[in-house]
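Throughout, read-outs are computed from the coordinates displayed, never taken from laboratory work. Just so you know, these numbers come straight off a predicted model, no measurement behind them. Neighbour counts run over all protein chains shown; Cβ positions are idealised from the backbone, glycine included.
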Amino acid sequence: MAQKKKALITGITGQDGSYMADFLLAKGYEVHGLVRRSSSFNTGRIDHLYGGTVQETKDFFMHYGDLTDTNSLIHIIDKCRPDEVYHFGAQSHVRISFDIPESTAQITGVSTLKLLEALRIVSPKTKFYQASSSEMFGKAREIPQKETTPFYPRSPYGIAKVFAYWTAVNYREAYGMFACNGILFNHESPRRGENFVTRKITTGIAKILAGKQKKIYLGNLDAKRDWGYAPEYMDAAWRMLQQPEPDDYVIATGETHTVREFVEEAFRVAGIADWKNYIEVDPRYYRPAEVDVLIGDATKAKQKLGWEPKVKFKELAEIMVKADCKKQGIELKS
């Protein structure tokens, strides 16, 4: 009987980490998750994996650790000896990165260096996935953006991700480590954090229908994004680490839509006629430096990984609105 593959996931309590855990467990992996110790539990996205209490199962293990502490990373890697590491742990909110730039640099950028160095010391044959971001393109030098498009980050978050990207490339080239960058464009789901714009819209709509909220306050309605479905993007991340050679890949739908279009579609799904009665633009939510247009070209991923997106813009909005309405006890008709 073949031994189970082991994977370590940082950021396992987040959207991507939780979906990756689901995906890998379904593939028969033994999954280890790194979780940050805090005074309150933040495990809602993975409660279904262990019944709502932090305990180990035969294939799922949790480890308390700190991405800014190299010794803790060395200890965890030595303990679980993973075949694959998926690095999703980060301060991942772009607007908030302007408020806490130094913390974002450490957690989102330098953590990649610490994790790769820990792997180099303890387990250099482990395959490593770096969660890179379309925010690295920022003030995009070309449209659409692909693997060869120059970076022009416009936020502390984007800058930190560029540092992490080149760190992964450097460890690959300097030490022959299997390190891949998945340059994922915006990917959403019912597990997206409620302070991210798409989820802010869909939870707001659900609460409006439930009579719990009157308005949704948003920033720039004209920003254009390439939005995909998070579970499908985790499939792409896994495929990268199954290749014979490490490489970097853009993962995207190839479509771009404004925040306004997402608002319109989400309200349409909810059966609310005039969204303008419920949306207020609040300057507090504008970024000091805006990223105007992001749209990805995932041709390389299609050709080399055999991956392409199935869920597109309208279906994504429907999935999210219906899920948030269901949480409020509201069943929407198809």
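On full extension of the chain, what length is gained from Lys4 through Asp222, given 0.36 nm per residue of separation minus the C-alpha to C-alpha distance?
73.8 nm
Any chance you could tell me what percent of the C-alpha pair distances in the range 117-274 go past 22 Å?
50 percent
Report the full-extension gain for the segment Thr299 to Glu102: residue separation times 0.36 nm, less the Cα-Cα distance, to one decimal in nm.
So the extension gain works out to 67.4 nm.
Between the range 79-93 and the range 214-244, what is the C-alpha centre distance in whole Å?
Cα centres, the range 79-93 to the range 214-244: 18 Å.
Kirkwood Rh, Cα Rg: Rg to Rh for the range 270-334?
Computed over Cα atoms, the ratio is 1.10.
Along the positive direction of the dipole of the chain (beta-carbon charges: Lys, Arg +1; Asp, Glu -1; about the Cα centre), which of Val35, Ala90, Ser134 reaches farthest?
In the chain, that residue is Val35.
Can you tell me the length gained on complete extension of the stretch Lys326 to Ile272, counting 0.36 nm per residue apart and subtracting the Cα distance?
That pair, Lys326 and Ile272, stretches by 17.8 nm at full extension.
Residue by residue through the range 255-265, what is 3J(HN,Hα) from phi via Karplus (6.51 cos²θ - 1.76 cosθ + 1.60, θ = phi - 60°)? Round to whole Hz and write x for glycine and proline.
Coupling constants for the range 255-265: 10, 10, 9, 7, 4, 4, 5, 5, 4, 4, 5 Hz.
In Å and from the alpha-carbon atoms only, list the Rg and Dmax of the chain.
19.6, 61
For the range 97-140, what does the alpha-carbon gyration tensor say about shape, rounded, prolate or oblate, given a ≥ b ≥ c as the root eigenvalues, a/c under 1.5 as rounded, and a/b over b/c as prolate?
oblate
Using amide H atoms built in the peptide plane, which far-off residues or other-chain residues are under 5 Å from Leu218 H to H?
Under 5 Å from the amide H of Leu218: Glu280, Val281, Asp282.
For the range 237-254, what does the Karplus curve 6.51 cos²θ - 1.76 cosθ + 1.60, with θ = phi - 60°, yield as ³J(HN,Hα) per residue in whole Hz, taken in order and with x for Gly and Pro?
Coupling constants for the range 237-254: 4, 4, 4, 4, 7, 9, 6, x, 10, x, 7, 10, 9, 7, 10, 7, 8, x Hz.
About the Cα centre, and with charges only on the beta carbon of Lys, Arg (+1) and Asp, Glu (-1), how big is the dipole of the range 98-214? Nearest 20 debye, please.
420 debye
Quick one: of the DSSP bridges fully inside the chain, what percent are antiparallel, nearest 5?
Antiparallel bridges: around 5 percent, rounded to the nearest 5.
With the dipole of the range 183-334 worked out from charges on the C-beta (+1 for Lys and Arg, -1 for Asp and Glu) around the Cα centre, which of Cys325, Asn186, Val197 lies farthest toward the positive end?
Positive-end residue among those listed: Cys325.
If packing is taken as the mean number of other Cβ atoms within 10 Å per residue, what is the order of 250-261, 302-313, highest first?
250-261, 302-313
Please report the relative contact order for the chain, taking Cα pairs under 8 Å with a sequence separation of at least 6, and give it as a percent rounded to a whole number.
Computed value for the chain: 17 percent relative contact order.
Loop only by DSSP, 14 or fewer other Cβ within 10 Å of the Cβ. Give me the trypsin sites (Lys or Arg not before Pro) in the range 119-178 that pass, ordered by residue number.
Lys125, Lys139, Arg141
Nearest 10 degrees is fine. How inclined is helix 15-26 to the longest principal axis of the chain, computing both from alpha carbons?
For helix 15-26, the angle is close to 60 degrees.
What is the dipole size for the chain, taken about its Cα centre, with +1 at each Lys and Arg Cβ and -1 at each Asp and Glu Cβ, in debye to the nearest 20?
About 480 debye.
Could you tell me the center-to-center distance, by alpha carbons, between the range 149-172 and the range 1-21 in angstrom?
24 Å
If R₀ is 25 angstrom, what is the calculated FRET efficiency for the pair Glu142 and Leu113, using the beta carbon separation as r and rounding to 0.05?
Once rounded, the FRET efficiency stands at 0.30.
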